[in-house]
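Each remark here refers to the structure printed beneath this line.
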Amino acid sequence: MKYLVLLIGDGEVKPWSDQTSDEQAEAMGLFQAFDEACAARDGVELLAGEALAEASDATTLRTRGGQLQLTEGPYAEIVESMGGFYLIAAPDLDVLVDLLGHLPAYDMQISPVVDVSA
Amino acid sequence: MTPVDPLGEVVREEWGRLTALLLARYRRLDLVEDALGDAIEAAARTWPVDGVPDRPAAWLHTAASRRIIDRLRTEAIAQRVEPLLVIEAARREGGRVMADPGALVEDDLLRLVLMCSHPALAPEAASALSLRLVLGVPTPDIARLFLVSESTMAARLTRAKKRIVGAGIPFGVPDASVLPDRLDTVAQTAYLAFTAGYSPGTGADLLRASLSGEAIRLVRSVLAMRADEPVLVSLLALMLFQHSRRDARVRDGRLVLLPDQDRQRWHDDEITQARALIDAPVLRGPVTRQAAAYTIQARIAAEHALAPSAAETRWEHVVRLHDLLLEVAPTPSSRLARAVAVAEARGPAAGLAALEGVEIPTTHRIAAVRAELLARAGEHDAARAAYDQAIAACRNEVEIAHLRERRQSLG
């Protein structure tokens, strides 16, 4: 299966901008460890992953009455801004959750990707 | 000796194994249950005429397999693509076909149990699904046990099954580092079903022992595969102690509290078994927090079960066990139970002090306990007010009758 993993809230992790450079280096080490753990695991492929810009740079797009509407900022229902994402192929939810344990302790949302080609 | 209902018996004993076996082979959660239902229906038609086959479980397995293969052929023709259940790669590559229940099947049953009580499922859904898929309890019965309509329960089960496939919840055994945590969830799932039967919130029945009995059966079947798992050993002990009192808890449709129960009506065989379980060596080593909490609760239940009479309960010892429980599981219901023990050990005033600040919004129990302690302390006005509060919040008719009676006895 393919999953989109959204790093959606800081959880118990200090906001990036409040972290010392040592703390930031440590977090980068965790991201690195996650990459390596994914690479080492059978049937797992990290397809994409990026850090995202600040919430103030996000744009929300909605279509209302057939009209595209753009508003400044992140989607309102997401109170905190999304920090990043991964697109990962993994055999199942347990394998994925096991690997995500390598990352900093963010709140995340895991959404399976729908295979429209089938 | 031929059992009175050979089909009913094989369904009861083998449902979980058959489901697990068929799932491992066909990976189609949506087809397996229906196919097994069809096979049982066919058995009900043919066995009385042709006689019960030598190996009834194998017969059902073959019949259900045929149904599934028929369905798969029909689908292949219709070119429909259904999502498959996720099965670990190693399991799939083996590609082995198992016609007979055997050692490997036990493993499949464990996979089924772990899948049904996966932490990514809502706890109520996991409980219901476990009863359905592992024990084969019919959906209308599960609906009755959980006090919801049949259509609500059917929808809940369907949603849970869809979610297993959709979210990629595996039909597999996680590695040893995660397994104890997952078995904790299995235990919680079973205990949720057990307590739902033991203290129903609404309706006329004081307890539905059959649901609690099914929950015990669920724990036993997992324990048969993981005999020394501390969380399962301690949970079974706790359940058996509580369950042993079921017949004494209701008399003439009225609630009978522990001190007034007829101890002759307790099930001694279950108490004996529970005692042996809490003395198991496996509970003396390091255990998970969950297992520790069950063990302490079972030891508290043991104090009650083994006291020669209610008056001779070692209440100070019970209070010490409650203190220990609060360290492991500092929940409002633990604090409520401790306050009750404190009142018995040191008098109603001490109990009321221990009850101070305990709040559980969803239950009438705190008000009921406060009322009882106030009555014992001679504060009848305050007791009446607390009884009124408890009666207003209580949803169980038998308990309401009991509370009314207590209130009236104050004069």
Relative contact order as a percentage, chain B, C-alpha pairs under 8 Å and 6+ apart, gives 12 percent
With +1 at each Lys and Arg Cβ and -1 at each Asp and Glu Cβ, the charge dipole magnitude of segment B:235-334 around its Cα centre, to the nearest 20 debye, comes out at 160 debye
Under the rule rounded for a/c under 1.5, else prolate if a/b exceeds b/c, else oblate, using alpha carbon gyration tensor axes a ≥ b ≥ c, segment B:18-57 is classed as oblate
Length-normalised contact order of chain A, Cα under 8 Å, at least 6 apart, in percent, tallies to 50 percent
Taking the dipole of the protein assembly as shown about the Cα centre (Lys, Arg +1; Asp, Glu -1; charges at Cβ), the one of B:Ala368, B:Leu109, B:Tyr294 that reaches farthest to the positive side is B:Ala368
Ranked by GNM mean-square fluctuation in chain B (Cα springs under 10 Å), the top entry among B:Leu336, B:Leu85, B:Leu72 is B:Leu72
Per GNM of chain B with C-alpha springs under 10 angstrom, the most fluctuating residue out of B:Gly378, B:Gly37, B:Gly351 is B:Gly378
Yeah, chain B with a ≥ b ≥ c from its alpha-carbon gyration tensor (a/c under 1.5 is rounded, else prolate when a/b outruns b/c, oblate otherwise) is prolate
Neighbours of B:Gln242 by Cβ distance under 11 Å: Lys/Arg at +1, Asp/Glu at -1, summed charge +2
With +1 on the Cβ of every Lys and Arg and -1 on the Cβ of every Asp and Glu, the dipole magnitude of chain B about its Cα centre, in debye rounded to the nearest 20, is 640 debye
Helix B:6-26 sits off the longest principal axis of the Cα atoms of chain B, rounded to the nearest 10 on a 0 to 90 degree scale, by 60 degrees
Taking a ≥ b ≥ c as the square roots of the eigenvalues of the Cα gyration tensor, with a/c under 1.5 meaning rounded and otherwise prolate when a/b exceeds b/c and oblate if not, segment B:211-286 is prolate
Taking GluC sites (Glu not before Pro) in a DSSP loop with at most 10 other Cβ atoms within 10 angstrom as exposed, one finds the longest site-free stretch of chain A at A:13-76
Per residue of B:172-178, other chain Cβ atoms within 10 Å number on average 2
Between the modelled labels at B:Arg395 and B:Ile360 (7 Å from Cα along Cα→Cβ) the distance in nm is 1.4 nm
Helix B:150-167: inclination vs chain B longest Cα principal axis, degrees, rounded to 10, gives 60 degrees
Rounded to a whole number, the mean other protein chain Cβ count within 10 angstrom for residues of A:93-99 is 6
To the nearest 20 debye, segment B:271-411 has a Cα-centred charge dipole, built from +1 on Lys and Arg Cβ and -1 on Asp and Glu Cβ, of 220 debye
Farthest towards the positive end of the dipole of the protein assembly as shown, among B:Thr195, A:Val5, B:Ala392 and with Cβ unit charges of +1 on Lys and Arg and -1 on Asp and Glu, lies the Cα of B:Ala392
Chain B, Gaussian network, Cα under 10 Å: of B:Asp141, B:Asp107, B:Asp381, the residue fluctuating most is B:Asp381
To the nearest 10 degrees, the tilt of helix B:315-328 (Cα long axis) against the first principal axis of the alpha carbons of chain B is 50 degrees
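Since every read-out is calculated from the coordinates, none of them should be taken as a lab result. Given the structure is predicted, the values throughout are model-derived calculations rather than measurements. Note that we place each Cβ from the backbone using ideal geometry, even for glycine, and neighbour counts take in every protein chain shown.
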